[in-house]
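Report on the following structure.
The values are calculated or read from the model by the stated rules, or taken from the named source; none is laboratory data. Predicted, not measured: the structure shown is a model, and the values here were computed from it. Glycine also receives a Cβ, built like all others from the backbone with ideal geometry; neighbour counts cover every protein chain displayed.
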């Protein structure tokens with residue numbers, strides 16, 4: 001083709017490494033004087049070298065006027081590649097959506113390295129940070145990313161835990177030399193099984209009893225743990241919102257108190273002559289139909305000093 005020997009057709013030839021800047025041309029195309037090709041090599045890849053020394057495809061050589069135009073490989077190009085790959089190798093002449101396949105053989109030997117792509121569904125799981133890695137790697141890859149240079153064999157595939165989803169269990173995938181293998185796995189959405197999990201999700205974005213969402217944690221530093229904030233219906237992220245007396249008055253043998261009540265809660269006024277020992281319940285209100293001020297009274301308050309507290313519970 002245009003003077004290229006037949007023995008050289010279809011082969012990838014390296015050009016000298018260059019560091020010249022690429023100049024924007026039009027659309028997603030760029031130009032550079034550091035790359036020059038001849039007729040027949042349009043469509044070849046242009047690689048960028050990572051700091052670790054590895055090379056990655058970054059653009060497609062288009063040629064054009066001056067033989068110096070390249071097209072950046074972006075998400076649109078990758079999507080086109082995947083459609084062409086599926087339709088050409090497993091689509092049975094179909095070019096629409098819904099084509100599935102597990103591997104695509106290249107024009108290379110089975111002794112050559114293979115490649116693996118792991119697709120993660122649904123997209124909302126990927127948006128939350130879902131990812132995958134091969135044991136014993138330490139870096140997580142996003143869904144649809146590619147791991148190349150793999151020897152033929154079986155690999156343990158693990159998935160990154162993310163809030164709101166159940167990650168798939170460890171899987172064993174098999175890679176064949178000279179083949180590009182694609183596997184798809186689905187993260188199942190967590191099903192909230194209790195009102196406490198729903199409360200954690202609403203306030204901390206997770207259903208897990210850990211970190212700032214742990215029952216014993218106190219993220220707003222108001223001295224009240226999360227589990228007690230949940231029971232009281234108060235805001236665990238607001239240091240001034242916690243169960244407390246808003247009014248406490250003793251007149252003779254009558255003790256009158258008030259607090260901010262929350263819907264669905266039961267409030268019990270309790271008395272004790274000392275902080276240790278059993279407390280005596282003297283009055284109660286609830287369950288409340290709506291948020292309101294709760295008034296609780298002890299009509300038989302001791303003449304001597306006594307201690308009072310409000311106990312809140314959920315039916």
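Does residue 93 satisfy being loosely packed, with under 11 Cβ neighbours inside 10 Å and modelled with pLDDT under 70? Spelling it out, residue 93 is indeed loosely packed, with under 11 Cβ neighbours inside 10 Å and modelled with pLDDT under 70. Of the residues screened, residue 142 is one that is surrounded by fewer than 16 Cβ atoms within 10 Å (Cβ to Cβ), under 12 Å from residue 118 (Cα atoms) and not assigned by TED's automatic domain parsing to the domain that holds residue 56. Only one of the numbered conditions (1) assigned to a loop (DSSP other than H, G, I, E, B); (2) crowded, with 18+ Cβ neighbours inside 10 Å is not met by residue 182, and that is (1).
I'd like to verify a number: residues in the range 195-220 that are more than 14 Å from residue 234 (Cβ to Cβ) and over 22 Å from the mean Cα position of the chain (by Cα), how many?
Qualifying residue count, the range 195-220: 4.
Out of 62, 80, which single residue is within 30 Å of residue 182 (Cβ to Cβ), modelled with pLDDT of 65 or more and assigned to a helix (DSSP H, G or I)? Break it down into steps so the answer makes sense when it comes.
Values: 62 fails: assigned to a helix (DSSP H, G or I).
Result of the check over 62, 80: 80.
Would a scan of the range 238-260 turn up a residue that is in contact (Cβ under 8 Å) with a residue 12 or more places away in the chain, more than 30 Å from residue 298 (Cα to Cα) and under 23 Å from the mean Cα position of the chain (by Cα)? There is no residue in the range 238-260 that is in contact (Cβ under 8 Å) with a residue 12 or more places away in the chain, more than 30 Å from residue 298 (Cα to Cα) and under 23 Å from the mean Cα position of the chain (by Cα). Return a yes/no flag: does the range 187-208 have any residue that is in contact with a helix residue (DSSP H, G or I) (Cβ under 8 Å, 6 or more places away or on another chain), surrounded by 14 or more Cβ atoms within 10 Å (Cβ to Cβ) and on the phi > 0 side of the Ramachandran plot. Scanning the range 187-208 turns up no residue that is in contact with a helix residue (DSSP H, G or I) (Cβ under 8 Å, 6 or more places away or on another chain), surrounded by 14 or more Cβ atoms within 10 Å (Cβ to Cβ) and on the phi > 0 side of the Ramachandran plot.
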